[in-house]
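J.: Encoded as structure tokens, here's the structure I'll be asking about.
The values are calculated or read from the model by the stated rules, or taken from the named source; none is laboratory data. Computed from a prediction, not measured in an experiment: that's the story for all the values here. We place every Cβ from the backbone using ideal geometry, glycine too, and count neighbours over all the protein chains shown.
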Amino acid sequence: VSDPERLFQELSDAVVEMEEERAAALARRAVAEGVDAYTAIDRGLVHGMGRASQLFEEEDYFIPELLLCSDAMYAGLAVLQPHLRRDAHAVKPKVVIGVVEGDTHDIGKNLVKIMLDASGFQVVDLGRDVPPQRFVDAAVAEGARIVALSTLMTTTMDGMAEVVRLLEAAGVRERFRVMIGGGPISQAFATRIGADGYSANAAEAVRLAKRLIDVPAPVPELSA
Amino acid sequence: MTDLTPKARLLKVLRKEPVDRPPVICTGGMMNAAIVEIMERTGHTLPRAHFDDRLMTALAEDVTDATGFENLGVPFCMTVEAELLGSEIDPGTLACEPKIRREVFPSVSRVEYQDVRVLAGSGRIQTVVAAAGRLARAHPDLPVIASLTGPVSTTASIVDPMSFLKELRKDPEGAHRALDYVTDLLVEYARLALAAGATAIAIGDPTATGEILGPKMFEAFALRHLNELTDRVHALGAPVILHICGDLKRVRARRASRSRRPARRQRASRCPRAPPCWRPPGARAWPWRPPATAAAPAASAGCGSTRPGGCGAQPGTTRTGPWPARPRCWAIWGWSCPRPWPGCASSARGPRPGWPSPRTSARSGTRRRDSPGSTPEPSCWTRSPATPPGPASGWWWTSAPPRWWPPWWTCGTAGSG
């Protein structure tokens, strides 16, 4: 039986080095060696994704690299998830995320989803071209803490204001934090439409989400 | 200089010549000014105008009238190419532009390749080309800009963008193949638009931004295919305006730092479908300046090619690596060697009258080439060609390998310019 610390490091490296198969193989080794799945995820896969996100912020990694890192992370997760002990399932804050109606550009939204996923949020992805009312309905139905909206186009950014307006109209605005992002979006726009926060990129979105719901420390355990 | 027409002014600026004042243009395509107020006033509305060339013409005129932009730009969306290649589009509304509803291919390895010449003759490319033609005929003084969606953006609109971005790393050859295919279509599209009368080609390639791809991928994919597209449009004799979204500072910084390491500057050798000398620096059909030194024979020798005229490499360039045994698309050879007519001062474009037809060329070629005495003086087509006009679709846009390189290939370089 090898040193679990080294295994965690290797898992983390496999994620950073975008090696999907190696991540899965290492995860299988972790299971075979009886390493705690929760720790392997937290100190291996999630740790690696954290390093990848740091490289992304430092502009060493870009979107293609980050997507491949997340593939490696998910490959490891798929192996480890069934072996999680029941008590490890912490209640994770839920985020409802989607691209607003009229827009189908979802690379940014997917990145935010991956990063939130790797940071202890449970993400409900509504996809792209989502009508405003669906955000409201899904947020209420899922008991989400955060509604995250994305768009790349100036012609569709008003859909974000519409979501905020509908939340207010339904009398549930106070139950959710609304965060927005995308090419044409700015803090000024967020303030104008009454959103709770704006973030310029995926790594910042995680910090914003944590700040919005005031999560003290990263809540590990993920949804694959 | 005050009597410059907007068209002349734009062309001068694009040739980097002095002008009285900068031209003020709006290219159309991803950057268009067809705003709701204009459409409501004139009744020429989107999304109908995306699909009707008369309406598109009228709307382009409305935009120019209402805004004062000194050009006419078509189309008004970024989905023309992707739709033609099979993606499902959402036509949008009056206020919202069309977009891709579903990309047709899940990965670059699943792209189905069709004949781009057939494709370019169909679908909304024809709408845009017809509109550009109408505009050019009705407004000879205004530049007509045909806007293409760039190769990276178009490929990311036919292949699921998440897979595409990953496959830039996982399957670079497949990604290049898909990008080559899209680039071929775009060149064909540009050719049709220019033949119809467009003044310039604009390329909008937002997905090619270094902010998404990073400097390495930008250089390996975006830069290579944008350069190829630009060169091939230049070879058609038209200027190219390129738009990429985002901040290029980091990409440029990286390129600058790389250029300090000359050992790594083997840019062209990474291009599998063109010989290393396929794009000689400084030798371009646009802007139609005579070359500083007429050096055709040396060029062919320097290139290492056995073909007359070579592919236009500068003297002294040496070919590294083997000549590709069988280039995938012969049509490209004609276009990507951008020195067919460097001596021609004319800015005319489209199929040149007087080019030998493919059949004639192939039959009589060898004899002509082997005995220069019987070869008619290489002449620019603008100087009343000796050879009779060939069909508009010469061999250079057929996929058959040319068996003979006609005399005009060396036009202008042997002192005839």
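J.: Take A:G159 and decide whether it is small (G, A, S), touching a Ser or Thr at 6+ places or on another chain (Cβ under 9 Å) and under 30 Å from A:E58 (Cβ atoms). Working first, answer last.
T.: Details: small (G, A, S): yes; touching a Ser or Thr at 6+ places or on another chain (Cβ under 9 Å): yes; under 30 Å from A:E58 (Cβ atoms): no.
No.
J.: Any idea which of A:A144, A:A161, A:A190, A:A139 is within 23 Å of B:P206 (Cβ to Cβ) and away from chain B (no Cβ under 14 Å)? Working first, answer last.
T.: Values: A:A144 fails: within 23 Å of B:P206 (Cβ to Cβ); A:A161 fails: within 23 Å of B:P206 (Cβ to Cβ); A:A139 fails: within 23 Å of B:P206 (Cβ to Cβ).
On inspection, the qualifying residue turns out to be A:A190.
J.: Are any residues in the range B:178-206 in a helix (DSSP H, G or I), closer than 25 Å to A:G183 by Cα and touching a strand residue (DSSP E or B) at 6+ places or on another chain (Cβ under 9 Å), and if so, which ones? Before you say what the answer is, go through the steps one by one.
T.: At the first step, the residues of the range B:178-206 found to be in a helix (DSSP H, G or I) are B:178-196, B:206.
Right, trim to closer than 25 Å to A:G183 by Cα and you get B:179, B:206.
Hit for the range B:178-206 is B:P206, nothing else.
J.: While we're on this one: Return the residues of the range A:39-71 that are touching a residue at least 40 places away in the same chain (Cβ under 8 Å) and within 11 Å of chain B (Cβ to nearest Cβ); say none if nothing qualifies.
T.: Listed by number, the residues that qualify are A:F56, A:I63, A:E65, A:L66, A:L67, A:L68, A:C69, A:S70, A:D71.
J.: Let me ask another. What's the number of the condition B:L223 fails, among (1) more than 18 Å from the chain's Cα centre (by Cα); (2) farther than 28 Å from B:V24 by Cβ; (3) of a type outside the set (S, T, Y)?
T.: With respect to (1) more than 18 Å from the chain's Cα centre (by Cα); (2) farther than 28 Å from B:V24 by Cβ; (3) of a type outside the set (S, T, Y), B:L223 is out only on (1).
J.: Now for a different question. If the Cβ limit is 6 Å and pairs must be 6+ apart or interchain, which residue in the range A:186-210 that is over 20 Å from A:T154 (Cα atoms) pairs with which residue that is part of a helix (DSSP H, G or I) and among the hydroxyl-bearing types (S, T, Y)?
T.: A:A203/A:S53
J.: Taking the residues in the range A:1-41 that are under 22 Å from A:R85 (Cβ atoms) and among the polar types (S, T, N, Q) as candidates, determine which candidate is modelled with the lowest pLDDT.
T.: Looking at residues that are under 22 Å from A:R85 (Cβ atoms) and among the polar types (S, T, N, Q), I get A:S2.
J.: Can you work out which of the residues in the range B:108-124 that are touching a residue at least 60 places away in the same chain (Cβ under 8 Å) and among the β-branched types (V, I, T) is surrounded by the fewest Cβ atoms within 10 Å (Cβ to Cβ)?
T.: Among those residues, the one meeting the criterion is B:V111.
J.: Looking at the structure I just gave you, is A:A40 crowded, with 24+ Cβ neighbours inside 10 Å and farther than 24 Å from A:N201 by Cα?
T.: Numbers: crowded, with 24+ Cβ neighbours inside 10 Å: yes; farther than 24 Å from A:N201 by Cα: yes.
Against the criterion (crowded, with 24+ Cβ neighbours inside 10 Å and farther than 24 Å from A:N201 by Cα), A:A40 qualifies.
J.: Right, another one. Please name all residue pairs, on different chains or six or more residues apart, with Cβ atoms under 7 Å, provided the first residue is in the range B:235-248 and is within 18 Å of B:C26 (Cα to Cα) and the second residue is aromatic (F, W, Y) and surrounded by 17 or more Cβ atoms within 10 Å (Cβ to Cβ).
T.: B:A238/B:W286; B:P239/B:W286
J.: May I pose another question? Read through the list (1) surrounded by 24 or more Cβ atoms within 10 Å (Cβ to Cβ); (2) hydrophobic (A, V, I, L, M, F, W, C); (3) within 26 Å of B:R134 (Cβ to Cβ), then give the number of the only condition that B:L192 fails.
T.: All conditions are met except number (1).
J.: Is it the case that the range B:108-120 has a residue that's over 22 Å from B:A196 (Cα atoms) and touching a Ser or Thr at 6+ places or on another chain (Cβ under 8 Å)?
T.: Keep residues of the range B:108-120 that are over 22 Å from B:A196 (Cα atoms), which gives B:108-114.
So of that shortlist, the ones also touching a Ser or Thr at 6+ places or on another chain (Cβ under 8 Å) come out as B:108.
The answer is yes, given that some residue of the range B:108-120 is over 22 Å from B:A196 (Cα atoms) and touching a Ser or Thr at 6+ places or on another chain (Cβ under 8 Å).
J.: Can you confirm whether the range A:104-120 contains a residue that is within 14 Å of chain B (Cβ to nearest Cβ), within 19 Å of the chain's Cα centre (by Cα) and small (G, A, S)?
T.: yes
J.: Testing B:V63 on (1) within 22 Å of the chain's Cα centre (by Cα); (2) surrounded by 18 or more Cβ atoms within 10 Å (Cβ to Cβ), one condition comes back false. Which one is that?
T.: The failed condition is (1).
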